Amino acid sequence: MDLVKKKKLRIAIVGGGIGGLALAVTLKKLGVEDKITLDVYEAAAKLSQVGAGVTMWPRAWEIMKNLGMEEQLIAKLPPGQEKPAMSEQRFYLSMRKSNQREGVPIVDVVGPGGAASYHRADIQSILLDQASPTLQYHLSHRLTKYRESKDGLILEFSNGSTAVCDLLVGADGINSAVRKTLLAEGKHWTEEEIDLHARPIWTGIHCYRCLVDADLVRRESPESRCLNKLTLVSIPPNLTIGVTKSDWDGSFAVKIGYHLVVYPISQGQQINVAALVLNPEKKGTYLDGPVVQQSKREDIIRHYQGWEEDVEVLLKHIPDPSRWSIQYIKPLDSYISQSGRALLLGDAAHATTPDFASGAGLAIESAYFLGHIISKVLEKNLAPYASATTITKVYDEIRRPFCNAAAAASRTLGTMSNFTVPGSEQYIDGVEMPADKLSELGALIQGGWDWVSTSAMPDLERALGMI
Ligand SMILES: Cc1cc2nc3c(=O)[nH]c(=O)nc-3n(C[C@H](O)[C@H](O)[C@H](O)COP(=O)(O)OP(=O)(O)OC[C@H]3O[C@@H](n4cnc5c(N)ncnc54)[C@H](O)[C@@H]3O)c2cc1C
């Protein structure tokens, strides 16, 4: 009996966010529970999510559907939003230039499938419902680091406890302790040096997030765009700080910009608002202080004075928002540890700006891939160490190029949304952008969205073919 137990692959997921839970659900659906032990270690005292809206695109929808969660997702859709249908061209989002009394449409991005918007808590509770009731959740377990041993990886937690596993999945978000340990492997770095390499970089953007009671807006402005579709409104920069090369990939011109992303969630009862404000002098610095802070409604309102009516009405009803500092991590050369027993998933591997609203979708995708890779490798009945190294190698080879590219594309889209894309340098200090230039930008933006409606399944087939 004991021998059989020892042969099970001991999997530890660090982080019970969307990525970690999606992996737990995938493994349950694939019916591998008799071949593994699965433990989820979560720093928080309870599984709850801060945050507000999460939009899901066809790629992620297909996976949630394959995992048997489509019905639950449909039930939580805002009125008027249909489930994505890949065979149809549907509305994704509307981009407008709104810093004037009469707003100007830039582009209505359309593509196969369509968008589905949710409160983050809804997605998490759907995943939690589907995860195995026998799954071991260890709350209040904040990983500090892991280390190698003959028996597997030893996990160390800030509460003084330890655990051991054959395969460690670091799904512990943007400030990942797994990434920190992994990057320092084989190096003789001081704590400061480790911090410098692993620490997220601040974009200089503050994102003010809040939920507005949709009825308040509906009563005053029944036709408001904010009530029924994803709308992204932007202005050209009103101040130039010069065009600088980005510090790590050399591809971005940087100037100031604002934009506002608005969409209905919670079956239409609430409007999700994300107001982004770039502080150019802070771009590329390290954040000093908490990522999320409480803020005042005036902090949003003062930036959006004189904008078109839909914005004006919306802002009248906003409550005090929380202020998120938008960070990203440098692209990683590898998502796996030197021994091949640990890997990174979701934001821990490729946290980026929220411009494609796809970080959660990518985490779900990686979890789905990883679950399938684990399941196929387990069929080979290899020893735990050989299983773990085969799993991580295939995962890294398939997921890293795709996720790193999506993360970089998201940052590029951010420059377009703020009108700070190279080639727009002359549109500064109130200089109006001509209509043909706006349409050019619109076409660029439309093209950038193509990937969100592609299917991840061919890549999954490729991954499984490598085993
Ligand atoms: C403003 C904004 C808007 C966004 N909008 C969208 C959107 O519309 N659509 C979309 O797909 N994505 C969106 N995202 C991105 C999305 O939120 C993230 O990409 C996604 O949450 C990543 O999931 P994850 O599971 O990798 O990490 P997380 O959700 O961050 O989960 C990590 C978990 O690990 C736990 N943890 C952290 N450290 C430790 C530790 N040391 N030990 C143990 N546990 C630990 C945390 O408590 C948490 O539960 C947005 C992000 C922002 C900032």
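General observations
- Averaged over residues, the count of other Cβ atoms within 10 Å places the peptides 127-137, 177-187 in the sequence 177-187, 127-137, highest first.
- Extending 7 Å from Cα along the Cβ direction at residue 462 and again at residue 383 yields two label points whose distance is 3.3 nm.
- Whole-Å distance, taken between Cα centres, linking segment 125-168 and segment 257-272: 35
- Net +/- balance of residues flanking residue 454 in space, Cβ distance below 14 Å, scoring K and R +1, D and E -1: -3
- Helical mean residue ellipticity (222 nm; -39500 (n - 2.57) per DSSP H run of 4+; nearest 500) of the chain: -10500 deg cm²/dmol
- Longest to shortest principal axis, alpha-carbon extents of segment 1-151, angstrom: 71, 34, 26
- Farthest towards the positive end of the charge dipole of the chain, among the residues 140, 258, 11, is the Cα of 11, using unit charges on the Cβ of Lys, Arg, Asp and Glu.
- Take 333-341, 21-29 and order them by the average number of nearby Cβ atoms within 10 Å per residue, most first; the result is 21-29, 333-341.
- Multiplying the residue separation of residue 220 and residue 291 by 0.36 nm and removing their Cα-Cα distance gives an extension gain of 22.1 nm.
- Residues of segment 437-462 with an amide N closer than 16 Å to a point placed 7 Å from the Cα of residue 405 along the Cα-to-Cβ direction: 447-462.
- As a length-normalised measure over Cα pairs under 8 Å and 6 or more apart, the relative contact order of segment 118-190 settles at 20 percent.
- Highest average packing first - 266-278, 444-456, 284-296, 356-368, Cβ atoms within 10 Å: 356-368, 266-278, 444-456, 284-296
- Inter-label distance, nm, simple model (7 Å from Cα along the C-beta direction), residue 451/residue 45: 4.0
- The chain - accessible surface per residue (Å², probe 1.4 Å): 42
- Within segment 1-122: Cβ-based charge dipole about Cα centre, in debye rounded to nearest 20 (Lys, Arg +1; Asp, Glu -1): 380
- Extreme residue, positive dipole direction of the chain, given options 95, 178, 286 (C-beta unit charges): 178
- Cβ charges +1 (Lys, Arg) and -1 (Asp, Glu), total dipole of the chain, debye: 1020
- Other residues within the sphere of radius under 10 Å centred on the Cβ of residue 373, judged by their own Cβ, net out at +3 (K and R +1, D and E -1).
- Assigned charges on the beta-carbon of Lys, Arg, Asp, Glu; segment 277-423 dipole about Cα centre (debye): 580
- Extension gain, residue 281 back to residue 309 (0.36 nm per residue minus Cα-Cα distance, nm): 7.0 nm
- Spin-label model, residue 298/residue 66: points 7 Å from Cα along the beta carbon direction are separated by 5.2 nm.
- More than 21 Å apart - percent of Cα-Cα pairs taken over segment 39-116: 49
- Equivalent ellipsoid semi-axes, the chain, via Cα gyration tensor eigenvalues times 5, rooted, Å: 39, 24, 20
- FRET efficiency, residue 140 to residue 322 (Cβ-Cβ, R0 22 Å, nearest 0.05): 0.40
- Between helix 435-448 and the chain: long-axis angle, C-alpha atoms, 0 to 90°, nearest 10: 10
- When Rg and Dmax are taken over the Cα atoms of segment 99-208, they come to 21.0, 68 Å.
- FRET efficiency for the residue 339 to residue 34 pair, using the beta carbon distance and R₀ = 41 Å, is estimated at 0.95.
- Alpha carbon centroid spacing (whole Å) that separates segment 387-402 from segment 94-110: 42
- For the chain, carbon and sulfur atoms together expose 52% of the accessible surface, with a 1.4 angstrom probe and every protein chain in place.
- Farthest positive-ward along segment 284-373 dipole, Cα basis, beta-carbon charges - from 346, 334, 295: 334
The values are calculated or read from the model by the stated rules, or taken from the named source; none is laboratory data. Note that the coordinates shown come from a computational prediction; the quantities given were computed from them, not determined experimentally. Note: ideal-geometry Cβ built from the backbone for every residue, glycine included; neighbour counts use all protein chains shown. Just the protein is used for accessible areas: all its heavy atoms, side chains included, with ligands, DNA and RNA removed. Shrake-Rupley method; radii C 1.70, N 1.55, O 1.52, S 1.80 Å.
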